[in-house]
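Colleague: Dumping the structure here so I can ask a few things about it.
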Amino acid sequence: MAARSARWCANCYRGEPPRMTDALLQRRLRWPSRRNLFLALLFFGTTGLAAIALLAPLAARPTTLNLQVGDAAPQDILAPRSITYDSEVLTALQRDAAAEAVPAEYAAPEASVARRQVGRLRAALTFIANVRADTFATREQKLSDLAALADLRLDAELAETLIDLTDTGWQTVQQESIVVLEQLMRSTVREDQLEDARHSVLALVSLSLPEDQAALVAELVAAFVAPNSFYSEELTEARREEVRAAIPTVQRTYVANEVVIRRGQVVTETHLEALRELGLIREQARWQEQVSTLTLLGVCMIYMALYLRNRRKLLEDTRRLLVMAILFLIYLYGSRLLLPNRTIIPYLFPVASYSLLVTSLFSAQAGLAFGIPLSVLVAFGLPYSLDLTLYYIFTSLLGMLLLQRAERISAFFRAGTAASLAGMAVVLAFRLPDPGTDALGLITLLGAAVLYGMGSASLALILQFILAQMLGFTTSLQLLEISRPDHPLLQFILHNAPGTYQHSLLIANLSEQAAELIEADALLTRVGALYHDAGKARFPHFFIENQVPGSRNPHDDLDPLESSKTIIRHVPDGVELARKHRLPQRIIDFIVEHHGTMVTQYQYAKAVEAAGGDKSKVDAKAFMYPGPRPHSRETALVMLADGCEARTRAERPEDEHALHDLIKSVVDRRVGLGELDNTDLTMHDLKIIIESFTVTLRGVYHPRIVYPDIDEPLKADDTP
């Protein structure tokens with residue numbers, strides 16, 4: 001099995017044992033798990049939403065009402081006849097309202113609570129009496145002991161009052177506290193009345209007590225007041241049942257043509273009951289229909305899953321899969337909204353435009369994966385569903401086969417013509433023998449098939465342009481447009497940096513041929529190569545290919561670090577030019593990734609030389625391109641082609657073997673530095689790339705014949 005890491009693959013073809021860095025291995029393990037989780041969520045999410053589209057009543061022209069509580073009424077609904085019926089819903093509402101109005105029922109006061117609280121008060125009073133009688137404790141110790149009471153929290157003033165009371169006063173306070181608590185706990189004290197009960201303690205204290213003693217009694221008693229009557233669920237529910245039973249059955253009356261529910265009004269249980277009594281509501285679909293719908297959906301989703309599983313390249317770009325799934329659902333929901341209860345519109349609904357759109361944006365394989373299930377699901381449940389299923393499938397397939405790579409606008413019209421002819425053929429095959437189809441109906445359907453095919457192609461072309469601009473996708477039409485030699489940016493490069501322009505043409509040819517051999521996107525690779533060095537056109541004289549032979553190199557007058565920054569600058573300059581001329585993001589990727597995180601080797605070597613050969617005195621990162629490293633096979637191809645062409649032009653290998661070794665060393669260096677770690681180039685791919693580069697560069701830099709200088713031959717009339 002081919003390794004997915006270019007570093008691993010390179011080690012394999014060099015005969016070295018495969019190895020991966022820890023960071024790379026962790027990244028390789030994390031990414032598939034995240035991608036698999038995303039794919040699972042996308043699969044089940046698409047399946048669930050598709051099931052809703054197939055089962056929910058979405059049609060704009062329903063033949064019967066299929067409303068649920070919470071739906072908005074699609075139209076004014078009138079009572080077809082006069083009716084009086086016992087309304088279970090209204091009766092239940094009135095009974096529930098009456099029951100809710102019943103106050104909560106509480107049980108009788110519990111004497112055990114009163115006894116427990118009085119006992120706790122007696123214990124606290126005994127403790128206080130012991131503290132007061134302690135002759136060995138100081139005043140501070142007594143106050144501290146009083147503060148330690150668990151059931152009673154006395155402030156400092158009341159605690160001192162307790163200590164200073166005479167024995168007679170203390171006996172009066174004790175007796176009055178017990179009397180007041182017993183009196184209060186005999187009455188009903190509920191949880192929500194607790195604070196009120198505590199506030200009423202002072203009013204129960206005997207008026208014969210001095211004010212300070214009365215406050216002390218109130219403080220002591222309030223701490224031990226507790227609820228003695230608790231909420232009873234049984235008593236409350238029993239009372240509610242009594243109230244419910246007392247409410248009579250409510251009757252509802254409608255006269256003929258009275259409005260039951262107005263358009264846009266939210267359906268309630270009352271409306272639903274009235275519609276059911278009037279016979280205006282359709283009951284739930286039979287379970288057999290639901291099972292058959294879900295079964296067909298399951299088969300279609302399994303087909304898509306297995307198809308994508310056998311073509312894993314389609315699974316690598318999760319963003320594109322998400323776009324295809326969203327478009328799939330949009331078309332499916334649109335069909336369920338517009339097609340039911342129509343005669344001609346099903347033959348006009350542009351199902352084929354989905355397959356054409358996916359094919360032009362992504363690939364024909366993606367169109368097959370999603371287009372056929374969409375055709376089946378759109379036609380399911382409609383009249384003449386078998387006819388429509390074949391109608392949609394054949395128009396989509398023939399359109400896709402003729403569209404191919406969609407490199408010309410004319411390809412869309414060829415695809416539209418093929419779809420129209422296929423649709424007309426299916427209509428004739430199924431409707432011509434049908435005795436229920438007259439001549440006018442047949443002509444109408446044939447005309448609909450023509451409009452269907454051409455409309456699908458036109459819609460696919462328009463949507464392709466819009467989606468490519470919105471989502472940053474690159475299409476073949478867009479790539480061909482920006483690869484024209486008269487494109488403003490290419491003209492700018494040609495006029496300002498002719499050497500760079502020729503170099504870019506060579507890299508385009510070199511990488512395009514290798515891309516075709518490893519089944520990468522050859523057109524994208526070629527166009528990306530044309531623009532990869534666009535930034536050099538800003539300051540062309542700093543790059544060797546644009547310098548006049550024999551002229552002084554401006555880098556000789558620059559500090560190595562400054563020289564490196566000047567070289568590296570062509571990357572951000574290229575990005576700026578690309579954005580100025582509105583190049584797609586995929587082309588900008590070639591500009592920023594074709595050097596990856598490599599070091600400007602010549603300038604770095606000069607800096608080390610200036611430092612006396614001590615590499616520790618030179619910061620290699622200052623001479624490094626900002627990256628990122630290539631993230632696709634196409635940008636990696638341009639990186640490799642750029643490096644191989646530069647080395648070949650500089651070293652001029654003597655023979656093919658030396659050329660092959662040179663190219664292999666360039667590839668090995670990139671792999672060894674981890675520049676290809678983020679791509680999916682395999683061992684087999686790298687071998688093919690090396691062989692392709694060798695053949696192409698051998699033809700470009702083949703030895704030339706040196707013609708000897710000879711004298712001009714003598715003319716006939718000059719012969720002596």
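Colleague: Can you tell me the dipole magnitude for region 111-222 around its Cα centre, using point charges on the Cβ only (Lys, Arg +1; Asp, Glu -1), in Debye to the nearest 20?
Modeller: Values: 11 positive and 18 negative charges, 115 e Å.
So the dipole magnitude of region 111-222 works out to roughly 560 debye.
Colleague: Taking 0.36 nm per intervening residue step and subtracting the Cα-Cα distance, what contour gain separates Q251 from A611 on full extension? Kindly include the intermediate steps, with their values, before the conclusion.
Modeller: On the way: separation 360, 0.36 × 360 = 129.60 nm, distance 10.22 nm.
Contour length minus the Cα-Cα distance gives 119.4 nm.
Colleague: From the alpha carbon gyration tensor of region 90-196, can you work out the equivalent ellipsoid semi-axes (sqrt of 5 times each eigenvalue) and give them in Å, largest to smallest? Mind showing how you got there, number by number?
Modeller: Working: eigenvalues 399, 43, 23 Å².
So the three semi-axes of region 90-196 are 45, 15, 11 Å.
Colleague: Can you find, among Q265, H594, Q404, the residue sitting farthest towards the positive end of the charge dipole of the chain, where Lys and Arg contribute +1 and Asp and Glu -1 at Cβ?
Modeller: It is Q404, whose Cα lies furthest towards the positive end.
Colleague: Mind pulling the per residue volume of the convex hull built on the Cα atoms of region 478-700? Å³ is fine.
Modeller: 127
Colleague: Checking the a/c ratio against 1.5 first, then a/b against b/c, what shape does the Cα gyration tensor give for region 479-600? Present the calculation step by step, with values, prior to reporting the outcome.
Modeller: Numbers: a/c = 1.74, a/b = 1.63, b/c = 1.07.
Prolate shape, in that a/c is at least 1.5 and a/b is the bigger ratio.
Colleague: What order do you get for 372-382, 514-524 when each peptide is scored by the mean count of other beta carbon atoms within 10 Å, highest first? If you can, show how the numbers build up before the last one.
Modeller: Values: 372-382: 21.5, 514-524: 19.1.
Per-residue Cβ counts within 10 Å, averaged per peptide and sorted highest first, yield 372-382, 514-524.
Colleague: Dipole size in debye (nearest 20) for region 517-631 around its Cα centre, Lys and Arg Cβ +1, Asp and Glu Cβ -1?
Modeller: Details: 15 positive and 15 negative charges, 60 e Å.
With only Lys, Arg, Asp and Glu charged at Cβ, the dipole is about 280 debye.
Colleague: A further question follows. For the chain, with only Lys/Arg (+1) and Asp/Glu (-1) charged at the beta-carbon, what is the dipole magnitude about the Cα centre, in debye rounded to 20?
Modeller: Values: 71 positive and 83 negative charges, 492 e Å.
Dipole magnitude for the chain comes out near 2360 debye.
Colleague: Now a separate question. Could you tell me the extents of region 228-330's C-alpha atoms along the three principal axes, largest first, rounded to whole Å?
Modeller: Computed over the Cα atoms, the extents are 72, 58, 29 Å.
Colleague: Going down the list K536/K617; K313/K621; K313/K565; K606/K664, which pairs span over 28 Å between their C-alpha atoms? The partial results should precede the final answer.
Modeller: Details: K536/K617 30 Å; K313/K621 35 Å; K313/K565 38 Å; K606/K664 26 Å.
In this structure, K536/K617; K313/K621; K313/K565 lie more than 28 Å apart at Cα.
Colleague: Could you point to the residue in V173, A620, L386 farthest towards the positive end of the chain's charge dipole, with +1 and -1 charges on the Cβ of Lys/Arg and Asp/Glu respectively?
Modeller: My answer, from the dipole projection, is L386.
Colleague: If I fit a long axis through the Cα atoms of helix 409-431 and take the longest principal axis of the Cα atoms of the chain, what angle between them do I get, 0 to 90°, rounded to 10?
Modeller: 70
Colleague: Can you tell me which of 474-485, 201-212 comes out highest on packing, and rank the rest after it, using the mean Cβ neighbours within 10 Å? Working shown, then result.
Modeller: Values: 474-485: 16.8, 201-212: 13.4.
Those peptides, ordered most packed to least, come out 474-485, 201-212.
Colleague: Principal axis extents for region 328-443, Cα atoms only, whole Å, descending order, please.
Modeller: Principal-axis extents of region 328-443 (Cα, largest first): 44, 27, 17 Å.
Colleague: Would you mind classifying the chain by shape? Square roots of the alpha carbon gyration tensor eigenvalues, ordered a ≥ b ≥ c; an a/c under 1.5 is rounded, otherwise it is prolate if a/b is larger than b/c and oblate if not.
Modeller: Working: a/c = 4.10, a/b = 1.60, b/c = 2.57.
Oblate, since a/c reaches 1.5 and b/c is not below a/b.
Colleague: Something else: For the chain, with the dipole built from +1 on Lys and Arg beta-carbon atoms and -1 on Asp and Glu ones, taken about the Cα centre, which of I688, L640, Y354 lies farthest toward the positive end?
Modeller: Toward the positive end, the furthest listed residue is I688.
Laboratory data are not the source of any read-out in this text; all were calculated from the coordinates shown. These figures come from a predicted structure and were not determined experimentally. Every residue, glycine among them, receives a Cβ derived from its backbone with ideal geometry; neighbour counts consider all protein chains shown.
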